[in-house]
Amino acid sequence: MYDLMIIGGGPAGLAASVYAARKQLKTLLISQDIGGQVNWTLGIENYLGYQFIEGPELISKFQTQVDQFPIDQKIGEKVSHLEEIDGGFEAISEADERYQAKVVILATGKKPRKLNVPGEDELTGRGVTYCAICDGPIFAGQRVAVIGGGNSALEAVLDTVKIAEHVDLVSLTPLTGDPILIDQLPGGDKLAIYTEHQTEKIEGEMLVEGIQIKDIKSGEVKRLDVTGIFIEIGLIPNSDAVKSLLELNKSGEVPVNNACETALPGLYAAGDVTDIPEKQIVVAAGEGAKAALQAHRYLQRLG
């Protein structure tokens, strides 16, 4: 049995691994991949220490630091569910592998809700992004599209319209965001709004070159010549593994207190899978470090 099992290999899980190793905890890191959402981020300009760095490069640096420590790693395995056992927890993977630990940190993050249209997967990280805050500055002076009609899409428009040459907002429904955000949308020819339009296809070879949209009332198809596409139709927490152990919030996130504690003693959570208000790389990394320190303190109390 491990002292600590960290489920998830994004910024929160990797930071937790470093702090756990420094506390000399017998630690297992288990994750479907390394990096999570950060791997899809074209460029990062708001992580301290780097004026600009690509997402995969930042994750590579994180992983190099983790690899310096004697941490057991099971990468490529997805935990399907977590169970309580005597003296701790047991994680069962989709391949029916079983791992036990006295304490667990859940750091499985979120996954973007996808459009599921042709070209989306092929051009992710090549002009298709799921985080306007992260990648907006990369598209300064370019024509971009924001897909969605809720608060996250409206906030993306308000951020990108300041730096982009032109923004096309495409929503399948009438705008559903808060009225205060709708009222802040600028007039003029820098923003075009297409409500009740369906995204049909993302076009491009190596990079995004355009997007095809369809008016769901008239059936008219139009091509927008954009080089960046921000898909802002929501994120889905990767919290299925603990839904039988914890009461999740209405968004499916794991509620935690300021010590990263869940309602179940010995089970901690950190990063985007939790209900913390800001979903940022630097925040997730900090929460992961905090969770590891709190887990160490918990293990000390166990004796």
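The values are calculated or read from the model by the stated rules, or taken from the named source; none is laboratory data. Keep in mind that this is a model prediction, so the values were computed, not measured. Cβ atoms come from the backbone with ideal geometry, glycine included; neighbour counts cover every protein chain shown.
Entry remark, the stretch 122-155: residues being without any contact (Cβ under 8 Å) to a residue 60 or more places away in the chain, surrounded by 20 or more Cβ atoms within 10 Å (Cβ to Cβ) and not in a helix (DSSP H, G or I) number 1 in total. Tell me whether the stretch 227-243 contains one or more residues that are farther than 30 Å from ALA12 by Cβ and modelled with pLDDT of 95 or more. Yes, the stretch 227-243 contains at least one residue that is farther than 30 Å from ALA12 by Cβ and modelled with pLDDT of 95 or more.
Restricting the stretch 202-234 to residues that are charged (D, E, K, R) and under 20 Å from ALA132 (Cα atoms), the residue that is nearest to the chain's Cα centre (by Cα) is GLU232. Just so you know, in the stretch 263-303 the residues that are in contact (Cβ under 8 Å) with a residue 40 or more places away in the chain and within 18 Å of ILE85 (Cα to Cα) include one that is surrounded by the most Cβ atoms within 10 Å (Cβ to Cβ), and it is ALA295. Looking only at residues of the stretch 12-41 that are under 14 Å from ALA285 (Cα atoms) and of a type in the set (A, V, I, L, M), we find that the one that is surrounded by the fewest Cβ atoms within 10 Å (Cβ to Cβ) is VAL18. State whether one or more residues within the stretch 69-78 are among the polar types (S, T, N, Q), surrounded by 18 or more Cβ atoms within 10 Å (Cβ to Cβ) and assigned to a loop (DSSP other than H, G, I, E, B). So far as the stretch 69-78 goes, no, none of its residues is among the polar types (S, T, N, Q), surrounded by 18 or more Cβ atoms within 10 Å (Cβ to Cβ) and assigned to a loop (DSSP other than H, G, I, E, B).
In summary, ILE216 fulfils each of the numbered conditions (1) touching a Lys or Arg at 6+ places or on another chain (Cβ under 7 Å); (2) under 21 Å from GLY177 (Cα atoms); (3) modelled with pLDDT of 95 or more with the single exception of condition (1).
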